[in-house]
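A.B. asks: The following block contains the structure, expressed as structure tokens.
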Amino acid sequence: MKKIAVIVGSESDKEQMEKGIEILKQFDIPYEFNVLSAHRDPDALHDYLGSLDEQVYSVIIAGAGMAAALPGCVAAQTLLPVIGVPMSGGALNGVDALYSIVQMPKGIPVGCMAIGASGAVNAAIYAARIMALSDGVLRKKLARHRESLKTGKQKSLPPSAA
């Protein structure tokens, strides 16, 4: 199974993104987590994105707050699908980040989720859906997860549940 690259722009975003990482763990999806700022160290971000092998990675989840340049900068440098998660915080509590991510210029698409931890969870589920297009076992796990939403029994999936 391919990996998901999870990137946040700041150490302060880790806590919100952790909710999405919990979902990746529940679905047994391998991931790599990094803190890389599009503003503070654009060269490190560029180097990291250049090192991603599209044979190994299938999706990138990028979470950022305030100006939220990270998801767009990532999408400009890769052909992998990029899912943006606006982080809550700052003077506008994440609305500025939301606007930044959803207003990408034509030709540089970024899927955008809700603000904060809920968006991180949905980004992980959405990434799993993308991966499930070519992974029947993961597709079955997603179906079970959806069924658990109907019954209200949202518990962690067993590691090998299919």
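Every number in this text was worked out from the coordinates using simple rules, so none of it is lab data. Just so we're clear, the structure is a prediction, and the values are computed from it rather than from any experiment. Using ideal geometry, Cβ is built from the backbone for each residue, glycine included, and neighbour counts are taken over all protein chains shown.
A.B. asks: By average Cβ neighbour count within 10 Å, what is the ranking of 79-89, 54-64, 21-31, 102-112 from highest down?
C.D. replies: Most protected by this proxy first, the peptides run 79-89, 54-64, 21-31, 102-112.
A.B. asks: Quick check: the angle from helix 117-132's long axis to the longest principal axis of the chain, C-alpha only, nearest 10 degrees?
C.D. replies: 60 degrees
A.B. asks: When the helices in the chain are scored as -39500 (n - 2.57) per DSSP H run of 4 or longer and the sum is shared across all residues, what 222 nm value do you end up with, to the nearest 500 deg cm²/dmol?
C.D. replies: -13000 deg cm²/dmol, from helical runs alone.
A.B. asks: Now, a different point. Averaging over every viewing direction, what projected area does the convex hull of the Cα atoms of the range 46-162 cover, in nm²?
C.D. replies: For the range 46-162, the mean projected area of the Cα convex hull comes to 8.6 nm².
A.B. asks: Run the count for the range 60-162, please: Lys pairs, Cα-Cα under 19 angstrom, 8 or more apart or on different chains.
C.D. replies: 6
A.B. asks: Something else: Whole Å is fine, so just give me how far the alpha carbon centre of the range 76-116 lies from that of the range 7-44.
C.D. replies: If you average the Cα positions of each part, the centres end up 14 Å apart.
A.B. asks: Okay, moving on. Given R₀ = 22 Å, FRET efficiency for LYS25-LEU79 by Cβ-Cβ distance, to 0.05?
C.D. replies: Once rounded, the FRET efficiency stands at 0.25.
A.B. asks: From the phi angles alone, apply the Karplus equation (6.51, -1.76, 1.60; θ = phi - 60°) to the range 20-32 and give each ³J(HN,Hα) in whole Hz, x where the residue is Gly or Pro.
C.D. replies: Once rounded to whole Hz, the list reads x, 5, 4, 5, 4, 5, 4, 8, 6, 9, x, 8, 10.
A.B. asks: Relative to the first principal axis of the alpha-carbon coordinates of the chain, what is the inclination of helix 136-151, with its axis defined by its Cα atoms, in degrees from 0 to 90 and to the nearest 10?
C.D. replies: Helix 136-151 sits at roughly 80 degrees to that axis.
A.B. asks: At ALA91 and ASP41, where each label point lies 7 Å from the Cα along Cα→Cβ, what is the point-to-point distance in nanometres?
C.D. replies: If labels sit at ALA91 and ASP41, their model points lie 2.8 nm apart.
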